[in-house]
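> Please find one structure pasted underneath; my questions will follow.
Please treat every number below as a calculation from the coordinates, not as lab data. Note that the structure is predicted; figures quoted are calculated from it, not measured. Cβ placement follows ideal geometry from the backbone for every residue including glycine, while neighbour counts extend to all protein chains displayed.
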Amino acid sequence: MSTSAAASSTVTAGTSDTLDNIRIGRVDSYRKLDKIGAGAFGDVWKARHRRSGKKVAIKSVRASGESLLREAALLAACTGNPAVVEFREVVRDAKKDKLYLVMEYAGRSLHYVMGERRRDGRPFTEAEARRVMKRLLGGVEIMHGHGVVHCDLKPANVLVGKEGSRGRGRGRVLKICDLGLAKSSTVPLPSPDTSRPVQGTLGYMAPEQLMGDMDGCSTPVDMWSLGCVMAELVSGKPIFKVEVSVCEHLAEIVRLLGVPDEASQMPLGVSASTPSQLRDAVPEEFLSMAGFDVLRGLLEFDPRERLTAAAALQMPWFTVEEDDDAPSPATARP
Ligand SMILES: Nc1ncnc2c1ncn2[C@@H]1O[C@H](COP(=O)(O)OP(=O)(O)OP(=O)(O)O)[C@@H](O)[C@H]1O
Ligand SMILES: [Mg+2]
């Protein structure tokens, strides 16, 4: 792919019409402020649009310009989804011959917010976790309805914006970001960058993703990840260790959920009669029975049995009216 097209022209990707149609602006339209994200795969800066004064986030990726254009195309395909970070444009630094993705600046990550609240001794209550989950499930339902699967949902890829003006401080705006690994059944795109050793983030990856069935990876992988996010919200810590190997993680899933039929032959060192330990990991003190029903449906080993976003939102935890100001069992923890 050539990334040396003139500024404000159209890049020739050569692999996909979708990428060909993304217009490229100029990086010097923005003034870089602080670096807000740095990972193995790229960097993100807070920046300001010089003319409008609007705050934005600018992302670079170490992989090819095509990866960045792919992510831009997916983000653009999610335009109108209130739970996905808004795509602004792709810009190019002519001197470095490098492309950047420009998005709205959407606040701190949920990972950061959870850590901050844990340190302050103010973990999320069950009612707060329900509000977060309702928004995320609503956003993911729309995403899936448009044929987009995120494939890397986790607290670091959810942004928590300023409170809205309605609802007495309940209007935190949540936006999903980082569509670097996402897939679309409607937008024709090249495959995601396969130089990443693992296509996702271990602690949030569904069993079928861990087993490397990338073609079989569809909307249920996002539902599993949302189950991991939900467990972390109510219990205050990740349900699965993040820094383990694929095999160790699979074994941990089976230890926690019990042995599903298909996996009983796997050499994971667990007996076929292992019962689910999920309720011990997320006890009633943190999550009511109605909430646990949702969690269990999301953390279902078999993707065919796993809750969809639409089905999850129909469950009593979300539909039965409750006084969200009532103290939650989660606030009673030591
Ligand atoms: N639009 C945005 N507004 C505010 N912060 C953002 C935005 N996009 C990204 N960030 C911040 O930058 C971090 C990294 O962004 P992103 O996840 O897109 O990059 P990445 O390199 O693909 O990350 P990783 O591979 O570690 O998941 C996010 O966790 C978030 O803190
Ligand atoms: Mg990320």
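> Ordered by residue, what ³J(HN,Hα) values in Hz, to whole numbers, does the range 179-192 give under the Karplus form 6.51 cos²θ - 1.76 cosθ + 1.60, where θ = phi - 60° and Gly and Pro are x?
Values per residue, Gly and Pro as x: 8, x, 10, 5, 10, 9, 8, 10, 9, x, 9, x, 5, x Hz.
> Grab the Cα-Cα distance for Arg62 and Ser191, subtract it from 0.36 nm times how many residues apart they are, and report the gain in nm with one decimal.
Numbers: separation 129, 0.36 × 129 = 46.44 nm, distance 1.64 nm.
Fully extending the segment from Arg62 to Ser191 adds 44.8 nm.
> Taking the alpha-carbon distance from Lys55 and a cut-off under 25 Å, which lysines remain once sequence neighbours fewer than 8 residues away in the same chain are dropped?
The reachable lysines, counting only those whose Cα sits under 25 Å from Lys55, are Lys32, Lys35, Lys46, Lys95, Lys96, Lys98, Lys154, Lys162, Lys175.
> Ranked by Cβ crowding within 10 angstrom, fewest neighbours first, how are Tyr204, Tyr30 ordered?
Values: Tyr204 26, Tyr30 22.
Arranged by neighbour count, lowest to highest, Tyr204, Tyr30 become Tyr30, Tyr204.
> Eigenvalues of the Cα gyration tensor times 5, then square-rooted: what semi-axes does that give for the range 53-152, in whole angstrom, largest first?
Values: eigenvalues 169, 69, 27 Å².
After scaling each eigenvalue by five and taking roots: 29, 19, 12 Å.
> Over all Cα pairs of the range 22-104, how is the pair count split among 5 Å bins, expressed in % and running from 0 up to the last occupied bin?
3, 15, 27, 27, 20, 6, 1, 0
> For the range 22-104, with the dipole built from +1 on Lys and Arg beta-carbon atoms and -1 on Asp and Glu ones, taken about the Cα centre, which of Val91, Leu33, Cys78 lies farthest toward the positive end?
Among Val91, Leu33, Cys78, the one farthest towards the positive end of the dipole of the range 22-104 is Leu33.
> Right, here's the next one. Could you check the simple spin-label distance between Lys96 and Asn21, using points 7 Å along Cα→Cβ, in nm with one decimal?
2.9 nm
> Sorting Glu71, Glu86 on the 10 Å Cβ count, fewest up front, what's the list? Please report the intermediate quantities before stating the final value.
On the way: Glu71 27, Glu86 18.
Ranking Glu71, Glu86 by Cβ neighbours within 10 Å, fewest first, gives Glu86, Glu71.
> Hey, can you grab everything whose amide H is under 5 Å from the amide H of Gly37? Only 5+ residues off in sequence or another chain; H modelled, so Pro and N-termini drop out.
Amide H neighbours of Gly37: Val44.
> Next question. If each residue of separation counts as 0.36 nm, what is the full-extension length gain between Arg255 and Asp34 once their alpha-carbon separation is subtracted?
75.3 nm
> As a test, work out the antiparallel percent of DSSP beta bridges whose residues both lie in the range 9-166, rounded to the nearest 5.
Numbers: 26 of 29 bridges.
Here the antiparallel bridges make up roughly 90 percent for the range 9-166.
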